[in-house]
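In what follows, a single structure is set out as structure tokens and then discussed.
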Amino acid sequence: MTDYLKLMADRYPALEGVSGEVEEAFEILKTSYESGGKLLVCGNGGSASDSEHIVGELMKGFYRQRPLPETEKVAIGEISAFLQGALPAIALTGHPALTTAFINDVRADMTFAQQVYGYGKAGDVLVALSTSGNSANVLHAATVAKARNLAVIGLTGRDGGRLREICDVCIAVPARVTAEIQEYHLPVYHTLCAMLEDYFFPDNETERTGTDKWM
């Protein structure tokens, strides 16, 4: 198994200080997936793009091809060759019909919270991205998640803001400028996705084509 935490710290020395929190987040996600849970992700602006990016890395092969188990190949048939193993994840930043209707009919800063209420089940996980830790819609989503017995992982910067108080784990990267915080979030969530893939899809030994390409 590749030591992705060490690789992250080697490439981004400033992130060594959050390695413990990244490992804690991995354990939360691992436990959820092992019990049949799923991941919900939300954020604004660049963090909305990051939310979609995280889902993209989990729902298909990242470093590995993730071929299906033989029993599923037989059940699905020849098209199974074009499917890959997936870790269930939903970005709450999409769904424009739902979100625009909710913005118009109810309240704009509750769209993420509404989706957490609708999708979230006990044992699921919410990854909440907010560079300040104070984004109202993200905080509302985290509040509903905790009430629904979801674990909450925060990706923030600065001091973590109010989000830190709600999270089970808060990964507050060492930066204060929004763009720089988002630059650090990328290797953090790539590390988490790589660790999860390594754990849940160990039988396929297709490795990275080079460490210069892994982030």
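Bear in mind these aren't lab numbers, they're just calculated from the coordinates by the rules spelled out. Values in this document were obtained by computation on a predicted structure and should not be read as measured data. Positions of Cβ are generated from backbone atoms using ideal geometry, with glycine treated the same way; all protein chains shown enter the neighbour counts.
Find the relative contact order for the chain and round it to a whole percent, using C-alpha pairs within less than 8 Å whose residues are 6+ positions apart.
25 percent
Return, in residue-number order, each cysteine of the chain whose C-beta is not under 4.7 Å from any other cysteine's C-beta.
Within the chain, the cysteines lacking a partner Cβ under 4.7 Å are Cys42, Cys193.
Given Lys30/Lys121; Lys60/Lys146; Lys38/Lys146; Lys30/Lys60, which pairs have Cα atoms separated by over 23 Å?
Violating the 23 Å limit, Cα to Cα: Lys60/Lys146.
Residue farthest toward the positive end of the dipole of the chain, with Cβ of Lys/Arg at +1 and Asp/Glu at -1: which of Gly61, Phe201, Gly46?
Gly46
Per DSSP H run of n ≥ 4, the term is -39500 (n - 2.57); total these for the chain, divide by its residue number, and report the mean residue ellipticity at 222 nm rounded to 500 deg cm²/dmol.
After summing the helix terms and dividing by the residues of the chain, the value is -14500 deg cm²/dmol.
Given Cβ point charges of +1 (Lys, Arg) and -1 (Asp, Glu) and nothing else, what value in debye, to the nearest 20, does the dipole of region 4-204 about its Cα centre take?
Computed about the Cα centre, the dipole is about 420 debye.
Sequence-distant or interchain residues sharing an amide H contact under 5 Å with Asp124, placed H: which?
For Asp124, the qualifying residues are Lys38, Ala151.
When the dipole is taken about the Cα centre of region 41-141, and only Lys, Arg (+1) and Asp, Glu (-1) are charged at their Cβ, what size is it in debye, to the nearest 20?
Charge dipole, region 41-141, about its Cα centre: 100 debye, nearest 20.
Within 10 Å, count the other beta carbons around each residue, average over each peptide in 139-151, 66-78, and list them highest first.
My ranking of the peptides, most packed first, is 139-151, 66-78.
Test of understanding: extend the Cα→C-beta vector of Asn104 to 7 Å, then name every residue of region 30-55 with backbone N under 16 Å from that spot.
none
Once fully extended, how much extra length lies between Arg148 and Gln65, figured as 0.36 nm per residue of separation less the alpha-carbon to alpha-carbon distance?
Full extension from Arg148 to Gln65 adds 26.5 nm.
Packing-wise, with mean Cβ within 10 Å as the measure, how do 173-183, 152-162 rank, highest first?
152-162, 173-183
Hey, if you put +1 on the Cβ of every Lys and Arg and -1 on every Asp and Glu Cβ in region 4-204, which of Cys170, Ala122, Ala86 ends up farthest toward the positive end of that dipole?
Looking along the dipole axis, the top candidate is Ala122.
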